[in-house]
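Enquirer: Can you read through this structure? Questions will come right after.
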Amino acid sequence: MERDPGPGGARRALGRLLEAVLASRGEANAVFDILAVLQSEDQEEIQEAVRACSRLFGALLERGELFVGQLPPEETVMAGSQGATRKYKMWMRHRYHSCCNRLGELLAHPSFQVKELALGTLMKFVQLEGAHPLEKPKWEGNYLFPRPLFKMVVEGLLSLEEDRSLLLSQFREYLEHDDIRYHTMQAASDVVARVANGHPEVPLIFCNNAFTLLSAVSLPRQESDISSFYVRRTELSDKWKVTHLKEHRRAFQLMWLGFLKHKLPLSICKKVLVIMHDSILPHLAQPSLMIDFLTRAYDIGGAISLLALNGLFILIHKHNLEYPDFYRKLYGLLDPSVFHVKYRARFFHLADLFLSSSHLPAYLVAAFAKRLSRLALTAPPEALLMVLPFICNLLRRHPACRVLVHRPGSPELDADPYDPGEEDPAKSRALESSLWELQALQRHYHPEVSKAASVINQVLSVPEVSLAPLLELTAFEVFERDLKKKGPESVPLEFIPARGLLGRRDDLCAQHFTLS
Amino acid sequence: MGKARSAGARRKAPGIPVGARGGPARPNPNPFEVKINRQKFQVLGRKTRHDVGLPGVSRARAIQKRTQTLLKEYKERDKSNVFTDKRFGEYNSNISPEEKMMKRFALEQQRQHEKKSIYNLNEDEELTHYGQSLADIEKHNDIVDSDCDADEPGTLSAELTAAHFGGGGGLLHKKTSQQEGEEGEKPKSRKALIEELIAKSKQEKRERQAQREDALELTEKLDQDWKEIQTLLAHKTPKSENRDKKEKPKPDAYDMMVRELGFEMKAQPSNRMKTEEELAKEEQERLRSLEAERLRRMLGKDDENSRRPGHVSADDLSDGFILGEDDRRLLSYKDGKMNVEEEQSREASDGESEEEEGEDSSEEDPEESDDPDSHSDLESDEESEEGSGTPEKERRHAPGKRLTSDGQKAREAARTELPYTFVAPESFEELKSLLSGKSIEEQLLVVERIQKCNHPSLAVGNKAKLEQRGKCQGRSEQAENHPLTFVPSKATAGPGGGRHGALTSQKLFGFLLEYVGDLATNDPPDLRMIDKLVVQLYNLCQMFPESASDSIKFVLRDAMHEMEGMIETKGRAAFPGLDVLIYLKIAGMLFPTSDFWHPVVTPALVCMSQLLTKCPVRCLQDVVKGLFVCCVFLDYVSLSQRFIPELINFLLGILYIATPNKQNQGYTLVHPFRAFGKNSELLLVSDEEDMATWQRKSLSLHWASGLKAQTKTEANHTRLSCLAVCLALVKRCVLMYGVLPSFHDITRPLRALLTEHLADCSHPRELQELCQSILTEMENQKHHCQPLICEKSKPVPLKLFTPRLVKVLEFGRKQGSSKEEQERKRLIHKHKREFKGAIREIRKDNQFLARMQLSEIMERDVERKRKVKQLFNSLATQEGEWKALKRKKFKK
């Protein structure tokens, strides 16, 4: 094959070859030349070759010039004594096969353009092959989909070595088609199972890729929404699994369960938990199967436990899940870091939900109130502004706990009877204690916190304080609010005159710092 | 009969409206037909409409009506014949009766013409009037006329009398009946009558008015005459009157003189010079009042009490007695008992240690340190006298700075070089260019002069205001520094310029602050200059509190904004530069930090809290900055003794990074610190030698602005110094928060860490002693575990049924809703009533019909019976006759 210099020449040469192959079967050997270019080092050339292959095999598929049915190995084909046409078709099918394999390899090409093009071409083949199946239908109306080819695509997407999030975001648009989504789910669960079995520890990159792909799958809400098919079908049959939302759900569930049953890195766990409650749980056929993952995550501790709460809550609330020691574990989650983590609002929203039942025992609520107020001793003001009304709401809901702020006629104690180290709220003796912490917080430097803590000085008012606006409060908002607040009178001034930066004698700064 | 009478008598009692209503319509109703709905109570203003009813009469009327309408319909139910009234225009109200008649007549003529008299050529038609032949009428025409004329005047007079003496209705009745009786005369309508009456009364009115006017005119004329005569009689009175009215009093030379003298500018009697003791006493008084004010603000209770007047109950006797006076204050404990003294903070701080100085001492010590100030003032006065002849004298020095003689010399030198007046800078760059390249002394002088040239008092020139301001400016401005000394410079600045000056020196604060920030970010920071400028800032702040607070808020917001941006992008923020720390420190010096709420101080506190919670400590510099923030924070709350959770956390973290990492027990680190990681042993010093050579000394602020340790030993020494500062702060916290109820819970983590600290004995002895003393302090604090008790809420007063007073503007209307709402309600009510009425009517109709049908059937039955009987009769007679005939035959 003579080569013209430059990409234009290559394109022209490939075009000529393509014409020749499509024109007559006698020139079929030119396919080898095209396939050879696919192996090229040059990015431009590869792209040209991919385009040429796409056109060539696309045309052949449409014409039906590829062998249909179980493909025998190449040697037997050549040796066999079938008709020339049949031989040609089989041979061409083999070329098609090798082309697809090469394209699959190209999904790992360093250049993104090549990857993108390869993906597009493969998906085109999937579409054409679906329309003109390369296997014989076993019965009338048999649903045929190029599963091996598609599985290869998915495998290429879920790389072990490289983060393919860009390519996956390209692939996302195919996922809008119902059949592609269905087969993606199947293929993905296969791939995940294979990879996880092969490796003792699932590689992080693979996890990332898999999570990106899995989280891109979103099921429709209603059966009637299943109508868009990537592979064009003349008519849809009710017997096909792909047309039923139930089957989709089952595949979805299999995929996620298969993914989540492995030991995942914490970052992935976090991501999964964040989307758990609104994009995974509602689509599962049996949401309660998620309990394994959720309990595992809940036992990890820290922020992950907080996130797992949400999913657990949905299971308990909507799916009748019995979860032993739920409150005990929730109690265990309360540690000083709870006020400093990113998911504070979410956690307290859920905690408010969990503790909203009026049937909870008083000792439990008292333990929570005491624990929270103990933790409030280390909290920043924006968190205090939220947690103080929270505690007061608890006391309002459970009048039996009001002894925490009002215990007339009892003797002075030597020490706080509450045991902060006790893990079981029942044994923490919180009901015998009082909320002295809130009394201390009445001396807090921020006026609003001080006011919020002073609420317990009076008999608590009956209506609960709405927490919703306080949950998302940030320090910056508190700061802005303080700045904007207008005082009634003029600004009060210091009357002791300044004598310099470290001028005052009783100043701490002056004691510990010097200017030089 | 007696019973009937008593019933009648009973009716009479409430029956005034009965008479009024039923009287004219039916003067003498049968008492047995009257039904009375007796009311239990008379309600003023309620209209009673259905108190009396005549059921029999109304029933009869209803039946009559039904027989006329319903019964007719019923009877004609199967008949399809229709009666059509073809009289022309009978039901057309648009046509007047005359026209109608004319048309009818024309039509009739036409018809007659068509039918009968086609061939009638002589058209003699009989003309009629009211159906009578005109020819007939013409014959006795005059008789009718005379009749009318004779009657007319008589009736009119009767009418008038009747109208004036009441009984109009009766009269009208009579009148109409009378008129009806007269045939041929057109009856006068009621309307016409009334119109006549009105016309008459109007005429009378007009006459009366004319009469009055005449009288008025006459009296006026009389007055005029009287006046004329009066001038003749008494000459004086009218004259003075006139003078007052018309002529202005002539300015008397004497008066003018007196007034001029009175308004003349002159030296006012000034207060006598006060003695030292008096001055001191006054000062103390002033400080005491300021302190009281500060305490009031600290407790933060003022606004609730002063702003809202208490609720006044309806039963209040307004005798000033208030139940349960509201004298709440923050709860505090002392020695395990509730602290009820007024100034608990003072006592607590007094009692705790000698290290802390309470308010009392702080009240006094400025007094002591004032003396050198006033001396320096005197000195400077002397100096300025030496260099007299300049229009603007240096009256005031930066208070509180003891100038060394070197400094004074430099200053003197600077004074000779620098120009005396400066235009106030309009922008920060201008100020910077003014100040750049000059020595500290020169810069200070420039700033001072800018401030003086543009002093706001120059414009106002108002003594009272000046005094007030002079008072504001603090003690440094003493009595000899009388504000009026500024007056001579008035000529230079001018009244217009003063206003301008005030504005620019307001801005000056912002520029100076910015300049301070600039100086702080320089490398190395010019801390000495900042130190001096703080005094200027303080003075400016006293002059313009509003703009000063605005500028400080502005820089704080800037800093917070930057941090927020960093947190949003990176999830954490770095400690800001030294400038922000200096700003925070300055804010604490300019404004009272002990206020419960303060427009500047509260945001500054939040800002510091952010610094301590959001900025991870990653190097020694961060530690120094953090500790400085802690110091500032504690200074802020030194008087109010408020609790700062973040500070405890931060100190815990600092202590933690000074110990070797361990599996911690008994404490948890929070956000900016991590138990394990890169910087978790930042302050750990393991070099024995460095520890031995370490001397405790104050940290330099230069550390905070990127000073790098030259040697490892230096770095280690700094680490140890940081640790020492941290421990000192912990001790301070322990002393300060000892009174808090859950003190031991607050300090438990600190305690755990400190025991750990002690456990490893590698630290210098001084630090170990410090640790030990902190621990013993902690031990000494008592547990305050008095169970909480809610304050007794005021008992909810019994509900007193004091009447609710509603202003009734219109009677008979439903109150308390808008017009539309009322209209809607009215319509709904009306609909309901109409609906009910319709149902009742329909029911009655049906009953009536049924009754009619029944009577019809009965009638028919009776008829049939009668006929049957008749038939039987006739048959019987026939039979009888036949039998008789038969018998006769037999007999024959």
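Enquirer: Hey, which of the helices (runs of 4 or more DSSP H) in the stretch A:369-469, taking only ones fully inside, have at least 1 residues that are under 35 Å from the mean Cα position of the chain (by Cα)?
Expert: Values: elements: A:381-397, A:436-441, A:447-454.
The qualifying helices (runs of 4 or more DSSP H) are A:381-397.
Enquirer: Would the stretch B:687-698 turn up any residue that is over 24 Å from B:Gln621 (Cα atoms), more than 12 Å from every other protein chain (Cβ to nearest Cβ) and assigned to a helix (DSSP H, G or I)?
Expert: no
Enquirer: Here is a further query. So, in the stretch A:462-516, how many residues would count as being hydrophobic (A, V, I, L, M, F, W, C), at the interface with chain B (Cβ under 8 Å from one of its Cβ atoms) and over 30 Å from A:Arg346 (Cβ atoms)? Walk me through it before giving the result.
Expert: As a first pass, look at the stretch A:462-516 and keep what is hydrophobic (A, V, I, L, M, F, W, C): A:462, A:465, A:467-468, A:470-471, A:473, A:475-476, A:478-479, A:483, A:491, A:493, A:495-496, A:498, A:501-502, A:508-510, A:513, A:515.
From what's left, at the interface with chain B (Cβ under 8 Å from one of its Cβ atoms): A:475-476, A:478-479, A:483, A:491, A:493, A:495-496, A:498, A:501-502, A:508-509, A:513, A:515.
With over 30 Å from A:Arg346 (Cβ atoms) added as a condition, the list becomes A:491, A:493, A:495-496, A:498, A:501-502, A:508-509, A:513, A:515.
So the count comes out to 11.
Enquirer: Please indicate, with yes or no, whether at least one residue in the stretch B:850-857 is modelled with pLDDT under 95, more than 60 Å from the chain's Cα centre (by Cα), of a type outside the set (S, T, N, Q) and open to solvent by 80 Å² or more (accessible area, probe 1.4 Å).
Expert: So far as the stretch B:850-857 goes, yes, one or more of its residues are modelled with pLDDT under 95, more than 60 Å from the chain's Cα centre (by Cα), of a type outside the set (S, T, N, Q) and open to solvent by 80 Å² or more (accessible area, probe 1.4 Å).
Enquirer: Step by step: first the residues of the stretch A:480-489, then only those that are assigned to a loop (DSSP other than H, G, I, E, B) and modelled with pLDDT of 75 or more, then the one that is most open to solvent (accessible area, probe 1.4 Å). Which residue is that?
Expert: A:Lys486
Enquirer: Among all residue pairs at least 6 apart or on different chains, which show Cβ distances below 7 Å where the first residue, located in the stretch A:332-353, is more than 10 Å from B:Val670 (Cβ to Cβ) and the second is assigned to a helix (DSSP H, G or I) and open to solvent by 30 Å² or more (accessible area, probe 1.4 Å)?
Expert: From residues that are more than 10 Å from B:Val670 (Cβ to Cβ), the pairs are A:Leu334/A:Arg371; A:Leu350/A:Phe313; A:Leu353/A:Phe313.
Enquirer: Could you grab me the full set of residues in the stretch B:826-851 that are hydrophobic (A, V, I, L, M, F, W, C) and within 19 Å of B:Arg66 (Cα to Cα)?
Expert: B:Ala838, B:Ile839, B:Ile842, B:Phe848, B:Leu849, B:Ala850
Enquirer: What do you reckon, is A:Pro447 without any contact (Cβ under 8 Å) to a residue 24 or more places away in the chain and either more than 9 Å from every other protein chain (Cβ to nearest Cβ) or polar (S, T, N, Q) (or both)? Walk me through it before giving the result.
Expert: Details: without any contact (Cβ under 8 Å) to a residue 24 or more places away in the chain: yes; either more than 9 Å from every other protein chain (Cβ to nearest Cβ) or polar (S, T, N, Q) (or both): no.
Taking the combined requirement at face value, the residue does not satisfy it.
Enquirer: Now a separate question. Take A:Glu162 and tell me if it is touching a residue at least 12 places away in the same chain (Cβ under 8 Å), open to solvent by 10 Å² or more (accessible area, probe 1.4 Å) and either among the aliphatic types (A, V, I, L, M) or not assigned by TED's automatic domain parsing to the domain that holds A:Glu65 (or both).
Expert: Judged against the criteria, A:Glu162 is a match.
Enquirer: So, one more: Just checking, does the stretch A:363-380 include any residue being open to solvent by 40 Å² or more (accessible area, probe 1.4 Å), more than 30 Å from A:Arg481 (Cα to Cα) and more than 14 Å from every other protein chain (Cβ to nearest Cβ)?
Expert: For the stretch A:363-380, residues open to solvent by 40 Å² or more (accessible area, probe 1.4 Å), more than 30 Å from A:Arg481 (Cα to Cα) and more than 14 Å from every other protein chain (Cβ to nearest Cβ): present.
Enquirer: Then there is this: If a residue has to be part of a loop (DSSP other than H, G, I, E, B) and either open to solvent by 100 Å² or more (accessible area, probe 1.4 Å) or within 30 Å of B:Gln110 (Cα to Cα) (or both) to count, how many in the stretch B:46-79 make the cut?
Expert: The qualifying residues number 8.
Enquirer: In addition: What number of residues within the stretch A:490-514 are among the hydrophobic types (A, V, I, L, M, F, W, C), open to solvent by 20 Å² or more (accessible area, probe 1.4 Å) and under 18 Å from B:Ser705 (Cα atoms)?
Expert: 2
Enquirer: Where residues in the stretch A:57-109 are open to solvent by 50 Å² or more (accessible area, probe 1.4 Å) and modelled with pLDDT of 80 or more, which of them is nearest to A:His132 (Cα to Cα)?
Expert: A:His97
Enquirer: Look at the stretch B:718-735 and say how many of its residues are touching a strand residue (DSSP E or B) at 6+ places or on another chain (Cβ under 9 Å) and more than 9 Å from chain A (Cβ to nearest Cβ).
Expert: Count: 2.
Enquirer: Kindly establish whether A:Phe339 is among the aromatic types (Phe, Trp, Tyr) and either over 30 Å from A:Ile291 (Cα atoms) or crowded, with 21+ Cβ neighbours inside 10 Å (or both).
Expert: yes
Enquirer: Would you check if A:Ser165 is farther than 28 Å from A:His132 by Cβ and of a type in the set (Gly, Ala, Ser)? First the steps, then the outcome.
Expert: Values: farther than 28 Å from A:His132 by Cβ: yes; of a type in the set (Gly, Ala, Ser): yes.
The answer is yes for A:Ser165.
The values are calculated or read from the model by the stated rules, or taken from the named source; none is laboratory data. Note that the coordinates shown come from a computational prediction; the quantities given were computed from them, not determined experimentally. Quick reminder, even Gly has a Cβ in these numbers, built from the backbone with ideal geometry, and neighbours come from all protein chains shown. We work out accessible area using only protein heavy atoms, side chains counted, and drop any ligands, DNA or RNA first. Shrake-Rupley method; radii C 1.70, N 1.55, O 1.52, S 1.80 Å.
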